[in-house]
Amino acid sequence: MIPKLEEALQIAYEQVLTNVKAMLLTKINGLPPEEVEDRLTLLLEQLGYGIQSMGTMTITKKDNLGGMHLLGSRDPLGVEKIMIQFTRARDPIRSVDIEKLENTRVQTNARQAVFMTTSDFDPGAKEEAKRLHIELIDGERLASLMIKHEIGVNCLSLDVPSIDEAFFHVP
């Protein structure tokens, strides 16, 4: 393929990816809370949590904005517990929110904690999460996971012809 064509295709692909990620987050933020729960459950199952993966996932707390705490595991016995907090937010998540998740993790005897948001994390939240070993999934990463696991997206294929240089090579 001609290098300029490869570059143009890569640039176009990255633009499409950026737009799809933004649209995914807009769609998630616009869903009613119970629908957010359903979509998030599908993603978590694809990541290895929930009934289909032989793990378990229980919603322990909900809010009226479509946020929730989920206690789950990847094994059917529930030995490896993980606490996941999901929040739809416009503003960046703060360190106080990370501390609250850590308190919930300790109360539920979960081994690990993950904070997922459609927003971002402020520097204090990132620092606190690092100190407490809490995994952060911001809106960008959430949308990337949804695309990777084809949750809420359809992946299209496109055949792009290119010149077969070996065919035209004269020895």
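Of all residues in region 151-171, which are within 33 Å of the chain's Cα centre (by Cα) and among the polar types (S, T, N, Q)?
The answer is N154, S157.
Any idea which residue in region 118-145 is farthest from the chain's Cα centre (by Cα), counting only those that are buried (at least 18 other Cβ atoms within 10 Å of the Cβ) and acidic (D, E)?
Ranking the candidates gives E128 first.
Out of region 27-37, which residues are assigned to a helix (DSSP H, G or I) and surrounded by 11 or more Cβ atoms within 10 Å (Cβ to Cβ)?
Scanning region 27-37 gives K27, I28, N29, G30, P33, E35, V36, E37.
Scan (1) in contact with a strand residue (DSSP E or B) (Cβ under 8 Å, 6 or more places away or on another chain); (2) at pLDDT 90 or above; (3) of a type outside the set (S, T, Y) for the single condition K62 breaks and write down its number.
(2)
Conditions: (1) in contact with a helix residue (DSSP H, G or I) (Cβ under 9 Å, 6 or more places away or on another chain); (2) at pLDDT 90 or above. M83 meets all but one. Number of the miss?
Only one criterion is unmet by M83, namely (2).
Considering region 67-96 alone, what residues qualify as being over 23 Å from Q46 (Cα atoms) and buried (at least 21 other Cβ atoms within 10 Å of the Cβ)?
I93
Among the residues of region 111-135, write down those that are in contact with a helix residue (DSSP H, G or I) (Cβ under 7 Å, 6 or more places away or on another chain), over 16 Å from P92 (Cβ atoms) and in a strand (DSSP E or B).
A113, the sole residue that qualifies.
Take region 3-37 and flag every residue that is touching a residue at least 60 places away in the same chain (Cβ under 8 Å), closer than 14 Å to T87 by Cα and in contact with a Leu (Cβ under 9 Å, 6 or more places away or on another chain).
L25, I28
Residues that are of a type in the set (S, T, Y) and either part of a loop (DSSP other than H, G, I, E, B) or over 22 Å from L17 (Cα atoms) (or both): does region 139-153 have at least one?
no
Take K148 and tell me if it is among the basic types (K, R), surrounded by 14 or more Cβ atoms within 10 Å (Cβ to Cβ) and within 20 Å of the chain's Cα centre (by Cα).
Considered against the rule, which asks whether it is among the basic types (K, R), surrounded by 14 or more Cβ atoms within 10 Å (Cβ to Cβ) and within 20 Å of the chain's Cα centre (by Cα), K148 comes out as no.
The values are calculated or read from the model by the stated rules, or taken from the named source; none is laboratory data. Keep in mind the model is a prediction, meaning the values are calculated, not measured. All Cβ positions, even for glycine, are placed from backbone atoms using ideal geometry, and neighbour counts span all protein chains on display.
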